[in-house]
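The values are calculated or read from the model by the stated rules, or taken from the named source; none is laboratory data. A quick note: this is a predicted structure, and the numbers were derived from the prediction, not measured. We place every Cβ from the backbone using ideal geometry, glycine too, and count neighbours over all the protein chains shown. Accessible surface areas use protein heavy atoms only, side chains included; no ligands, DNA or RNA. Shrake-Rupley method; radii C 1.70, N 1.55, O 1.52, S 1.80 Å.
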Amino acid sequence: MKTIELNASVTSSNDADADAMRMELKAKGTLLINLMSSPGSGKTTLLSRIIKDLGKEKKIGVMEADIASDVDALKIENLGARSIQAHTDGMCHMDAGMTRRAMDAMGCDDLDLIFLENVGNLICPAEFDTGAGRNIMILSIPEGDDKPLKYPLMFEKSDALVITKMDTKDYFDFDLEKCIERVKRLNSDIAIFPVSAKTGEGMDDFEDFLLSQMALWKE
């Protein structure tokens, strides 16, 4: 398992770099998904389920972006997916230049789907274009249904929202309908998937969505 040390890109043209990378990935038919959430929302557990369910059909790679440690990348690698640990040198986000360097180090020419597990927080990752073809946000039941009110930008920027840990809904004061209403008010086009990666609830619908986005990306 590789680890790469990253710091902020020296270029000021992040949007242009991101657009160029998107075009390159589209030409290869490789979909990069920027996965954003707060710490502890279940990103790695969700990815583990996806790899188990789709890994035989699709070649999947995962870039784990963290300020430190390689715990998550090792979990992914042990499932048979290609992975790389990207240390962000204290930065709270990934940008296009950092993402490209991580992809180059991991090797992605033969991959169908790449997940960038962005640094865990609900502010910085939404502010920087990583070059991803799709942005997906995770919100877990224990975090509460008021997060769209507190962190609107991330909901506005995301193509899909995965509401995780549905198996815990009976133990937390989380109003699913109210949350969906708040999210749709910010982003009427967003796709929303309540799931439990632990029990499998809702995973078929979300994985069908991923497959459909991969097909669209290759058109």
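Rounded to the nearest whole Å², what accessible area per residue is found for the chain with the 1.4 Å probe? Present the calculation step by step, with values, prior to reporting the outcome.
Working: 9870 Å² over 219 residues.
In whole numbers, the chain has 45 Å² accessible per residue.
Positive end of the charge dipole of the chain (Lys, Arg +1 and Asp, Glu -1 on Cβ, about the Cα centre): tell me which of ALA126, ALA65, LEU111 has its Cα farthest that way.
LEU111
Considering the dipole of the chain built from charges on the beta carbon (Lys and Arg +1, Asp and Glu -1) around the Cα centre, which of TRP217, GLY42, MET166 is farthest to its positive end?
TRP217
So, with +1 on the Cβ of K and R and -1 on the Cβ of D and E, and no other charges, what is the size of the charge dipole of the chain about its Cα centre, to the nearest 20 debye? Numbers along the way, then the final one.
Working: 26 positive and 39 negative charges, 46 e Å.
The calculation lands at about 220 debye.
Suppose R0 equals 25 Å. What FRET efficiency, 1/(1 + (r/R0)^6) with r the Cβ-Cβ distance, do LYS198 and ILE123 give to the nearest 0.05? Let's see the in-between values first.
Working: r = 28 Å, r/R0 = 1.11.
Efficiency, from the Cβ-Cβ distance: 0.35.
Can you pull the semi-axes for segment 26-168, root of five times each eigenvalue of the Cα gyration tensor, sorted largest first, whole Å? Provide the component values of the computation, followed by the final result.
Details: eigenvalues 100, 60, 43 Å².
Equivalent ellipsoid semi-axes, largest first: 22, 17, 15 Å.
What FRET efficiency comes out for ASP167 versus MET23 if R0 is 41 angstrom and r is the Cβ-Cβ distance? Round to the nearest 0.05. Please list the in-between numbers first.
On the way: r = 40 Å, r/R0 = 0.98.
The value I calculate is 0.55.
Taking a Cβ-Cβ separation under 4.7 Å as the criterion for a possible partner, which cysteines of the chain have none?
If one checks each Cβ against the other cysteines of the chain, CYS108, CYS179 turn up with nothing under 4.7 Å.
Please label the shape of segment 14-53 as rounded, prolate or oblate, based on the square roots a ≥ b ≥ c of the eigenvalues of the alpha-carbon gyration tensor (a/c under 1.5 means rounded; beyond that, a/b larger than b/c means prolate, else oblate).
Numbers: a/c = 6.87, a/b = 1.68, b/c = 4.10.
Note, shape of segment 14-53 comes out oblate.
To the nearest 10 square angstrom, how much accessible area does LYS178 have with a 1.4 angstrom probe?
The value for LYS178 is about 90 Å².
Please state, rounded to one decimal and in Å, the Kirkwood hydrodynamic radius that segment 137-210 gives when every pair of distinct Cα atoms enters the mean of 1/r. It would help to have the intermediate numbers written out before the result.
Values: mean 1/r = 0.0812 Å⁻¹.
It works out to 12.3 Å.
Pairs to check: LYS58/LYS218; LYS52/LYS184; LYS26/LYS58; LYS28/LYS58. Give those whose C-alpha atoms are more than 24 Å from each other in this structure. Before the final figure, lay out each step's value.
On the way: LYS58/LYS218 14 Å; LYS52/LYS184 31 Å; LYS26/LYS58 16 Å; LYS28/LYS58 14 Å.
Exceeds cut-off: LYS52/LYS184.
Roughly speaking, what is the stretch gain from LEU79 to ASP208, that is 0.36 nm per residue apart minus the C-alpha to C-alpha distance, in nm to one decimal? Mind dumping the intermediate values first?
Working: separation 129, 0.36 × 129 = 46.44 nm, distance 2.07 nm.
Residue separation times 0.36 nm, minus the Cα-Cα distance, leaves 44.4 nm.
How far apart, in nanometres, would the label points at ASP110 and GLU57 be if each is projected 7 angstrom from Cα along the Cα-to-Cβ direction?
2.1
Quote the relative contact order of the chain in percent (integer), defining contacts as alpha-carbon pairs under 8 Å separated by 6+ residues. Please report the intermediate quantities before stating the final value.
Numbers: 437 pairs, mean separation 56.4, N = 219.
With pairs under 8 Å counted, the relative contact order is 26 percent.
For segment 51-65, just list the computed ³J(HN,Hα) in residue order, Karplus coefficients 6.51, -1.76 and 1.60, θ = phi - 60°, integers in Hz, with x standing in for Gly and Pro.
4, 5, 7, 10, x, 7, 9, 10, 8, 10, x, 9, 9, 9, 9
Provide the solvent-accessible area of SER13, counting protein heavy atoms only and rolling a 1.4 Å probe, rounded to the nearest 10 Å².
Answer for SER13: close to 50 Å² accessible.
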